[in-house]
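Only one structure is covered here, and it is reproduced in the block below.
The values are calculated or read from the model by the stated rules, or taken from the named source; none is laboratory data. This is a predicted model, so every value here is computed, not measured. Cβ: placed from backbone, ideal geometry, glycine included. Neighbour counts: every protein chain shown.
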Amino acid sequence: MATVPAKAGRKSAATPARRQETKSARAGAKSSVKSSVQSLAKGFRVLEAFSGDAEEMTLSEMADVAGLDAGTTFRMVNTLVNLGYVARIPASRRFRLTLKVLDLGFHAIARKDLRALVRPVLQSLVSEVSEAASFGVIEGADVLYIERVRAGFTRLGVDIRIGTTIPAAISAIGYAILAFLPKDAVDQILASQPRQANLAVLPPSRAKLFPVLQNARESGYVLQDSIISGGLRILAVPVLNREGLAVGAVSVAAPSIRVTEEDLRQRALEPVRAAARDIARALEASGGTSYAN
């Protein structure tokens with residue numbers, strides 16, 4: 001008879017503990033749900049639906065992978081498009097991630113590595129030509145400035161900082177890159193919406209832009225007065241990969257009041273070309289991709 005109370009005692013002692021664990025777990029789960037934003041979580045599920053095997057997706061495909069209903073997916077995707085993290089592919093019902101997604105970690109990791117490669121080259125270039133120098137890449141419809149080195153304490157007429165975006169269709173760096181991309185890629189970039197929807201300066205028509213790109217292809221550089229900042233003259237040279245495609249561009253900027261086009265060409269063209277080649281070699285040596293010598 002002594003064994004029964006013992007078993008009962010063990011059971012009665014264990015049950016409250018288990019009940020307390022269950023109660024605590026439920027309380028923790030409720031607290032976790034209360035302290036989380038479900039719509040944000042759903043937005044990340046949409047982003048995570050993309051992969052190396054699914055770089056472009058329709059709304060229904062994203063909904064299926066993310067495990068969300070069509071209406072929720074539609075709202076999430078529209079929000080992500082408006083924020084610039086997802087882009088609509090022109091003339092289709094498909095979507096793709098933009099490079100802005102990388103900003104969540106790129107600023108701390110990849111971009112830091114890229115800046116570490118580019119900055120010494122730009123510093124050397126600035127020392128040689130005594131003008132501000134920049135390196136930019138195409139992101140969506142824009143040029144994204146990855147690195148910029150000023151010449152001393154001189155401020156130019158436009159506030160360009162690391163992370164600044166300017167529509168590629170009105171940028172000398174943009175022209176230098178677009179001139180060395182396949183036509184379908186150029187068409188896609190020009191058809192995309194820049195981050196700055198309301199532009200103070202309208203982009204040129206294709207009839208005016210394409211001869212500029214053709215001239216850049218033939219000469220290997222762009223030299224023009226800035227479209228967005230009066231009184232500034234820009235010289236830009238593309239950074240090319242082994243296939244001859246632009247992966248970015250280097251530019252120098254100088255006040256037009258003291259520097260003529262010919263002066264800038266004579267002083268800066270060869271140094272900028274050398275800087276573009278040095279960046280290409282540095283990127284190749286980093287193992288990220290193949291770039292031309």
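Within the set of pairs 6+ apart or on separate chains, which have a first residue in region 273-284 that is modelled with pLDDT of 95 or more, a second that is surrounded by 20 or more Cβ atoms within 10 Å (Cβ to Cβ), and C-beta atoms under 6 Å apart?
Matching pairs, first to second residue: Arg273/Val237; Ala275/Val121; Ala275/Leu125; Ala275/Val250; Ala276/Val237; Ala276/Val239; Ala276/Val250.
Do we have any residue at all in region 234-252 that's within 25 Å of Glu131 (Cβ to Cβ), part of a helix (DSSP H, G or I) and in contact with a strand residue (DSSP E or B) (Cβ under 9 Å, 6 or more places away or on another chain)? Even if it seems obvious, please write down each step before you answer.
As a first pass, look at region 234-252 and keep what is within 25 Å of Glu131 (Cβ to Cβ): 234-240, 246-252.
Those still in the list that are part of a helix (DSSP H, G or I) too: none.
So far as region 234-252 goes, no, none of its residues is within 25 Å of Glu131 (Cβ to Cβ), part of a helix (DSSP H, G or I) and in contact with a strand residue (DSSP E or B) (Cβ under 9 Å, 6 or more places away or on another chain).
I want to confirm something. Restricting to region 50-93 and keeping residues that are loosely packed, with under 14 Cβ neighbours inside 10 Å and touching an Asp or Glu at 6+ places or on another chain (Cβ under 9 Å), which single residue is modelled with the highest pLDDT?
Within region 50-93, the match that is modelled with the highest pLDDT is Ser92.
Would you mind stating whether Gly248 is surrounded by 15 or more Cβ atoms within 10 Å (Cβ to Cβ) and either small (Gly, Ala, Ser) or in contact with a Gly (Cβ under 8 Å, 6 or more places away or on another chain) (or both)?
Here the answer is yes, as Gly248 does meet what is asked.
Among the listed residues Leu202, Leu156, Leu209, identify the single one that is modelled with pLDDT under 95 and outside any loop (DSSP other than H, G, I, E, B). Please lay out each step first, then the result.
Values: Leu202 fails: outside any loop (DSSP other than H, G, I, E, B); Leu156 fails: outside any loop (DSSP other than H, G, I, E, B).
Going through Leu202, Leu156, Leu209 in turn, just one is modelled with pLDDT under 95 and outside any loop (DSSP other than H, G, I, E, B): Leu209.
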